[in-house]
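Colleague: Got a structure for you, written out below as structure tokens; questions coming shortly.
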Amino acid sequence: MIQDIEPKHLYNEWKKNAVPKKSSAVVQFRGQDLLCRIDDNGLKFPSRAQFTEPDEAFTYLFELDGREYYLLFDENERALDGYSYRNIGLFRTEKPQELAYAAVSAWHLCSWYRSARYCGRCGEKLVHDVNERMMRCPKCGNMIFPRINPSVIVAVTHGDYLLLTKYANRPGAQRTALVAGFTEFAESFEQTVQREVMEEVGLKVKDLRYYRCQPWGISGNIMMGFWCRLDGDDDTIHLDNFELADGAWVSRKELQETFVNNGIALTAEMISEFAAGRDPYSLEKNK
Ligand SMILES: [Zn+2]
């Protein structure tokens, strides 16, 4: 998955009073486009030395591979030799993976900074806190932290079959999604799983097993991956046509022959684990 960059590590701790060095990486977006360079060695970020702005213009983001990353928040067009603006969707395909992960993680923070400019309580302009990555209201003291949306991805299994879905209103979408949705107020992740499966495909599930989770910076989500099994014998899918265009039970054999894991997304990893017989129910059965 995209966050699996070991032995490298993205250090997300806030650094108090951090000042960019000449070699620090600069992340700047115009709309959804990232200022970067892509050559034979892959993705590259510009350095602080290539910008004339004062240090105060740069907001500390994180450290990766011994290099600090800073956000240049404004959206003015920069003309840097060899660099251009590329849609942030590049994180799905560009290498090296740790830099693609840095790009999409920076996007997550940039999106949040864009929407955390004024106090939602009193309307005052917010200022950045010194000690934490947090926006603070100088008038009423309101504290706003980076927004991360909890959600679940659910692999619904029934023996040698896995339930795959296709999103509605997304042209070109393949039938390679799993049931997914956001956690609502007053519910646990397990309850989100039960509710989303019932809402999207009208099925009852049991034997939930947590798999892994994934930060998904493009939309600011943290996605919890769960396995579950159909509860009962009625496997009839009742599709929620507002959210889904298609839903079907796909056999392990068909997945083995057709499914390709892109190595980036939790959904793809879970489908590929099922295809390989490494879902928890197969593993428990074969123990
Ligand atoms: Zn306020």
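Colleague: If I filter the range 77-131 down to residues being more than 21 Å from N142 (Cβ to Cβ) and among the aromatic types (F, W, Y), which single residue comes out as nearest to the ligand (Cβ to nearest atom)?
Modeller: Filtering first and then ranking leaves W107.
Colleague: Does any residue of the range 159-169 turn out to be within 16 Å of the ligand (Cβ to nearest atom), outside any loop (DSSP other than H, G, I, E, B), in contact with a strand residue (DSSP E or B) (Cβ under 7 Å, 6 or more places away or on another chain) and at pLDDT 95 or above?
Modeller: No, the range 159-169 contains no residue that is within 16 Å of the ligand (Cβ to nearest atom), outside any loop (DSSP other than H, G, I, E, B), in contact with a strand residue (DSSP E or B) (Cβ under 7 Å, 6 or more places away or on another chain) and at pLDDT 95 or above.
Colleague: Something else about it: Can you name the number of the only condition in (1) out of contact with any strand residue (DSSP E or B) (no Cβ under 7 Å at 6 or more places or on another chain); (2) crowded, with 16+ Cβ neighbours inside 10 Å; (3) more than 24 Å from I2 (Cα to Cα) that F51 fails?
Modeller: Condition not satisfied by F51: (1).
Colleague: Kindly list the number of the only condition in (1) crowded, with 18+ Cβ neighbours inside 10 Å; (2) out of contact with any Ser or Thr (no Cβ under 9 Å at 6 or more places or on another chain); (3) assigned to a strand (DSSP E or B) that fails for V152.
Modeller: That leaves (2) as the condition not met.
Colleague: Tell me which residues, restricted to the range 137-149, are closer than 25 Å to M224 by Cβ, within 16 Å of the ligand (Cβ to nearest atom) and part of a loop (DSSP other than H, G, I, E, B).
Modeller: F145
Colleague: With respect to the numbered conditions (1) surrounded by fewer than 16 Cβ atoms within 10 Å (Cβ to Cβ); (2) hydrophobic (A, V, I, L, M, F, W, C); (3) in contact (Cβ under 8 Å) with a residue 12 or more places away in the chain, which one is the sole condition not fulfilled by A102?
Modeller: Answer for A102: the failing condition is (1).
Colleague: To continue, here is another question. Could you please find all residues in the range 1-26 being under 30 Å from I271 (Cβ atoms) and not aliphatic (A, V, I, L, M)?
Modeller: Q3, D4, E6, P7, K8, H9, N12
Colleague: Please pick out the residue among C140, C110 that is surrounded by fewer than 14 Cβ atoms within 10 Å (Cβ to Cβ) and either in contact with a Cys (Cβ under 8 Å, 6 or more places away or on another chain) or touching a residue at least 12 places away in the same chain (Cβ under 8 Å) (or both).
Modeller: C140
Colleague: Moving to a separate point now. Out of the range 218-276, which residues are among the β-branched types (V, I, T) and closer than 17 Å to D160 by Cα?
Modeller: Scanning the range 218-276 gives T236, I237, V250, T258, I271.
Colleague: For N76, all conditions in the list (1) over 21 Å from W112 (Cα atoms); (2) modelled with pLDDT of 95 or more hold save one; what is the number of the exception?
Modeller: Among (1) over 21 Å from W112 (Cα atoms); (2) modelled with pLDDT of 95 or more, the lone unmet condition for N76 is (1).
Colleague: In this structure, is M134 more than 18 Å from the chain's Cα centre (by Cα), on the phi < 0 side of the Ramachandran plot and within 16 Å of the ligand (Cβ to nearest atom)?
Modeller: For M134, the condition - more than 18 Å from the chain's Cα centre (by Cα), on the phi < 0 side of the Ramachandran plot and within 16 Å of the ligand (Cβ to nearest atom) - is met.
Colleague: Just to be sure, is R121 loosely packed, with under 15 Cβ neighbours inside 10 Å, at pLDDT below 95 and more than 19 Å from P215 (Cβ to Cβ)?
Modeller: When the stated conditions are applied, R121 does not pass them.
Colleague: Among (1) closer than 30 Å to R229 by Cα; (2) touching a residue at least 12 places away in the same chain (Cβ under 8 Å); (3) part of a loop (DSSP other than H, G, I, E, B), which single condition is E184 missing?
Modeller: The one condition E184 does not meet is (2).
The values are calculated or read from the model by the stated rules, or taken from the named source; none is laboratory data. In this text, all values refer to a predicted model and were calculated from it rather than measured experimentally. Neighbour counts run over all protein chains shown; Cβ positions are idealised from the backbone, glycine included.
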